[in-house]
Amino acid sequence: MKLIAKTLFGLEEVLASELAGLGADSVTVLNRAVAFEGSKSLLYRVNYNSRLALSVLVPVAAFSIAGQRDLYNGASEVEWDRYLDPAMTFAVSSVVKSKHFTHSGYAALVVKDSIADFFRRLTRTRPSVNQESPDLLVNVHISNEKVTISLDSTVVPLYKRGYRRGQSEAPLSEVLAAGMIALSGWSADRPLVDGMCGSGTIPVEAALIASRIAPGKFRKSFGFMKWKEYDSALLRSVKYDAEKRERTSPVRIYAGDISSEACDTARINAREAGVADTVEISVCDFIDTPAPVEEGTLIINPPYGRRIGTGDMSALYGSIGSVLKHNYQGYRAWILSGDRESLKSVALKPFRKINLLNGDIDCLFTGYELYAGRR
């Protein structure tokens, strides 16, 4: 099958590497997505094991349009009875950037009507639409004149792992947290520290990586489980293979936050994820707290002044830079921030800058190599 894994902006390359490691063929990086090829087993395996994908699509049609009617006609060419029958339900989602459609909802409506009419012609009855929990979710992507119609094998996005029981005021997406860890180059070969952990997304995702616990372990369902050709034995095999790879983490994960409430939430999430013995969580002010171990990797997501504000952002970032310089010698440190101006106040020379999006906030993920004394 030809497959497409969707992801967040900036994570395409690390997702491509992850997919290759899972056994994908013909891996090609796209914009916020990666195309690849593989079997039904790989489709299940990526849904269950990927830390960096948001969803996995199975394209069933690709064509060009010169007007709105062409979308209806192109969708009519799909053999929908291979995927649906009148007793099932479906829904259509759409992403549209085209002069032919000023509203993405209308494009979805055109495809919905095309599917319904296909079954009326074939069986004189049609499957019902269910927007909340469809048996089949059809994805329509239109870019200028190019249309791709796909089946969404995931439905509920993969960042919704299922272990989170609480969250802080501005929580990171689990996929973004795992992506930051991948971009940092950390591979459970040294301790990881998050001194501003909030509800614990970064340390919990790091602990799952270190323990080789598949993120799909906590989910109750995937979209493909409602498909006509769903193979329950194959999914059980994928789960069994993933569980065999689990291990005790070889490193400790250290997390802290100035908020005791945030730390309580982080502990709950770590426990629900099965990594409470790996993650050590302390109520502390990062600015006044020494590094928990001599060497390691530090990843923090300080306030930006957008979702969570502080009185003087430049002073906060200046203090962060001072703490890194004096307390974290021997570390590789990474900061995610949507406040590029205040980030300059860190006053350390970065070795890498990566553009990422945290929700709709344009961010820099900046890496610093911290040495003792002069380099």
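Bear in mind that the values in this text are calculations on the coordinates, not laboratory data. Since this is a predicted model, take the numbers as computed values, not measurements. Cβ: placed from backbone, ideal geometry, glycine included. Neighbour counts: every protein chain shown.
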**Asked** Where both partners of a DSSP beta bridge lie in region 2-152, what percent of those bridges are antiparallel, to the nearest 5?
**Response** 70 percent
**Complete:** Per-residue Cβ contact counts at 10 Å, fewest first, order 313, 225, 180 as 225, 313, 180
**Request:** Using 0.36 nm per residue of separation minus the Cα-Cα distance, give me the extension gain between residue 123 and residue 322 in nm, one decimal.
**Result:** 64.5 nm
**Asked** If each residue's Cβ is checked for other Cβ atoms within 10 Å, how do 220, 6 rank with the fewest at the top?
**Response** 220, 6
**Asked** Pairs 97/217; 6/239; 40/220; 244/325: which are spaced more than 31 Å apart, C-alpha to C-alpha?
**Response** 97/217; 244/325
**Request:** Assign one of three labels to region 253-324, namely rounded, prolate or oblate, based on the Cα gyration tensor with a ≥ b ≥ c the square roots of its eigenvalues; rounded applies when a/c is under 1.5, prolate when it is not and a/b is larger than b/c, and oblate otherwise.
**Result:** oblate
**Fill in**
Ranked output for segments 109-121, 38-50 by mean other Cβ atoms within 10 Å, highest leading, reads 38-50, 109-121
**Asked** How big is region 249-375 in terms of Cα radius of gyration and Dmax, in angstroms?
**Response** 15.0, 43
**Prompt:** How long is the gain from residue 13 to residue 289 if the chain were fully straight, where each residue apart is worth 0.36 nm and the alpha carbon distance is subtracted?
**Reply:** 95.9 nm
**Request:** Would you pull out the residues with amide H under 5 Å of residue 151's amide H, same chain only if 5 or more places away, H placed 1.01 Å from N?
**Result:** 58, 60, 139
**Asked** Pairing the Cα long axis of helix 104-123 with the longest principal axis of the chain, what angle in degrees results, from 0 to 90 and rounded to the nearest 10?
**Response** 40 degrees
**Request:** Give me the angle, in degrees from 0 to 90, between the Cα long axis of helix 201-211 and the longest principal axis of the Cα atoms of the chain, rounded to the nearest 10.
**Result:** 80 degrees
**Prompt:** Over the chain, what is the mean sequence separation of C-alpha contacts under 8 Å (at least six apart), divided by residue count, expressed as relative contact order in percent?
**Reply:** 15 percent
**Fill in**
Here the relative contact order (percent) of region 2-152, from C-alpha pairs under 8 Å and at least 6 apart, is 25 percent
**Request:** Return the percentage of antiparallel bridges among DSSP beta bridges fully within the chain, rounded to the nearest 5 %.
**Result:** 60 percent
**Whole-Hz ³J(HN,Hα) from phi, Karplus 6.51 cos²θ - 1.76 cosθ + 1.60, for region 229-235, glycine and proline x** = 9, 5, 10, 5, 5, 5, 5
**Prompt:** For region 146-161, what does the Karplus curve 6.51 cos²θ - 1.76 cosθ + 1.60, with θ = phi - 60°, yield as ³J(HN,Hα) per residue in whole Hz, taken in order and with x for Gly and Pro?
**Reply:** 8, 10, 10, 10, 9, 9, 8, 7, 9, 6, 6, x, 6, 5, 7, 4
**Request:** Could I have the simple spin-label model distance between residue 95 and residue 282, label points 7 Å from Cα toward Cβ, reported in nm to one decimal?
**Result:** 4.2 nm
**Complete:** Counting only backbone N atoms under 19 Å from a point 7 Å out along Cα-to-Cβ of residue 212, the residues of region 246-280 in range are 246-253, 274-279
**Prompt:** Taking every pair of alpha-carbon atoms in region 78-148, what share in percent sits in each 10 Å bin, from 0 to the bin with the longest distance?
**Reply:** 21, 49, 26, 4
**Prompt:** Angle between the Cα long axis of helix 174-184 and the longest principal axis of the chain, 0 to 90 degrees, nearest 10?
**Reply:** 60 degrees
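Calculate how large, on average over all directions, the projected area of the Cα convex hull of region 2-152 is; give the answer in nm² to one decimal.
Spelled out: convex hull of the Cα atoms, projected over all directions, averaged, 9.0 nm².
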